[in-house]
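The values are calculated or read from the model by the stated rules, or taken from the named source; none is laboratory data. Everything quoted here is computed from the prediction, not taken from an experiment. Using ideal geometry, Cβ is built from the backbone for each residue, glycine included, and neighbour counts are taken over all protein chains shown. All accessible areas refer to the heavy atoms of the entire protein, side chains included, with ligands and DNA or RNA removed. Shrake-Rupley method; radii C 1.70, N 1.55, O 1.52, S 1.80 Å.
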Amino acid sequence: EDRASAKANGRNVPGCSIAGGTFDTYLLEKARVVGHADGERTFHLFYQLLAAPGDEKVLYWTGLRDTTFDDFRYVGNSGCDEFDDGKDWEETRTALIDFGFEKGGEDSRLRTILRAVCAVLQLGNVAFGPDPSSDEGSLVSTPEELKKLSDVLGVPAREITAALTTRLIATAGETITVPLSPIAARDGCDALAKEIYSQVFEELVEAINRNMEPPPLASGDDASRRGWVSILDMFGFESFAVNRFEQLCINYANERIQNKYVMDTFLQLKEEYEEEGIDIYDFSKVDNSDVLHLIESPTGLIGVLNDECVRPKGSDESFVYKLKTIHKDSRRLKNDRLQRPHEFCVSHFAGDVKYDARNFISSNQDQLRKLLLDCASTSTNELISRRFKATIEASKKVQSNFRRRRAP
């Protein structure tokens, strides 16, 4: 019944209106920043920015002049033709401006955030090779790409090189600089790209929340009249040719949702039917409690992974071995002799998913090397430097609190 009809019949229909909103990030699939499967795309923003008019792109960074998807390793041409990236860019830019990323000169917020996105793109173009003067070291094999990265980050090339190709080891009373292999340098470069993109994403979320914050209640308003509707925006279960840490997190969230639905719906009906003596189907067919026990119990998948992360020589293969040993009798953990040492299979509510545990530990720790953090914090890009400095300060507080707890 509409409100006008109700009023005409002497009835009152309660109404409501949206006062505001807020967003929280559950999971950003950062791995998609640095790689994607054939026929898929990385994040749409990269394609949209590269599809922007040429005279506009160079306003954000001159390194975008005459560039296409194929000019950036992280992007490439995915073969997905159903998107109009040029048109979508116009909408994205308008939305950014609406949420406070104003246009303007070199210090405009819009230019700052888009140059940070350009830094992510350019990190993918830096390549590494073996250092002839070191058996285990590496060097940047693409000096021109490094020069472009230095320009967009606003950090001297030599400092970027040191941060990408070496790491620090703290020993008793001193700190030692250790060279990294080309593979380790590439991994660090990708990790930095993912972290910068993550910080850009959080900057956007914070800006959206500031602009959508509900207005304060007026004096005398009843706080109970303001309610919340929570929405979880995510994909369903994921099962690809290769399933990594991100797929595990997504599938775990789906298991949780399934469990809540079962508990709130089927279990309540089961109890009511049993009270009335009505036979119903086997409840175990929809109950996924044993999957959640495998994942989140103290000795479950997450617990074993966390323990392996704090071990000095913890490894992905050791994590898989311990998981299979502890849960060898679980019907939800499928153990196949053909599985490799870094593979395990979980029988989810929606079906079996085989996971590749390589990089599970690094993904769970989600930490950048100190040299990379320090390097990014000196960037002339205000967004990057501010957020990485905040990350460094937060890490210092955590370490300080840890030392205080351990003190006698």
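Any residue at all in region 15-28 that's open to solvent by 50 Å² or more (accessible area, probe 1.4 Å), more than 27 Å from ARG226 (Cα to Cα) and charged (D, E, K, R)?
no
Could you tell me which numbered condition ALA116 fails, if it satisfies all but one of (1) within 18 Å of GLY76 (Cα to Cα); (2) of a type in the set (Gly, Ala, Ser); (3) crowded, with 20+ Cβ neighbours inside 10 Å?
(1)
Inspect all residues belonging to region 200-212 and state whether any of them is in contact with a Phe, Trp or Tyr (Cβ under 8 Å, 6 or more places away or on another chain), closer than 17 Å to SER362 by Cα, open to solvent by less than 30 Å² (accessible area, probe 1.4 Å) and assigned to a helix (DSSP H, G or I).
no
Starting from residues that are among the basic types (Lys, Arg) and under 22 Å from LEU371 (Cβ atoms), keep the ones in region 178-210 and report whichever is nearest to the chain's Cα centre (by Cα).
Taking the candidates together, the pick is LYS194.
Out of ALA170, ALA185, which single residue is part of a strand (DSSP E or B) and either modelled with pLDDT under 90 or touching a helix residue (DSSP H, G or I) at 6+ places or on another chain (Cβ under 6 Å) (or both)?
ALA170
Somewhere in region 215-225, is a residue within 27 Å of PHE43 (Cα to Cα) and either among the hydroxyl-bearing types (Ser, Thr, Tyr) or open to solvent by 80 Å² or more (accessible area, probe 1.4 Å) (or both)?
Checked region 215-225: no residue is within 27 Å of PHE43 (Cα to Cα) and either among the hydroxyl-bearing types (Ser, Thr, Tyr) or open to solvent by 80 Å² or more (accessible area, probe 1.4 Å) (or both).
Have a look at SER230, SER239, SER224 and point out the one that is of a type outside the set (Phe, Trp, Tyr), assigned to a helix (DSSP H, G or I) and modelled with pLDDT under 95.
SER224
Please verify whether SER363 is at pLDDT 90 or above, in a helix (DSSP H, G or I), surrounded by 13 or more Cβ atoms within 10 Å (Cβ to Cβ) and within 30 Å of the chain's Cα centre (by Cα), treating the condition exactly as stated.
Here the answer is no, as SER363 does not meet what is asked.
Output yes when any residue across region 83-90 is small (Gly, Ala, Ser) and over 23 Å from the mean Cα position of the chain (by Cα), and no when none is.
Yes, that holds for at least one residue.
With respect to ASP287, determine if the residue is of a type outside the set (Phe, Trp, Tyr), farther than 25 Å from LEU28 by Cα and touching a Leu at 6+ places or on another chain (Cβ under 9 Å).
Criteria met by ASP287.
Could you say which residue among VAL310, VAL353, VAL346 is open to solvent by 30 Å² or more (accessible area, probe 1.4 Å) and under 30 Å from VAL34 (Cα atoms)?
After applying the criteria, what remains is VAL310.
I'd like to verify a number: residues in region 37-62 that are surrounded by fewer than 19 Cβ atoms within 10 Å (Cβ to Cβ) and outside any loop (DSSP other than H, G, I, E, B), how many?
Going through region 37-62 one residue at a time, the tally reaches 7.
If you scan region 63-87, which residues turn out to be assigned to a helix (DSSP H, G or I) and aliphatic (A, V, I, L, M)?
LEU64 - this is the single residue of region 63-87 that is assigned to a helix (DSSP H, G or I) and aliphatic (A, V, I, L, M).
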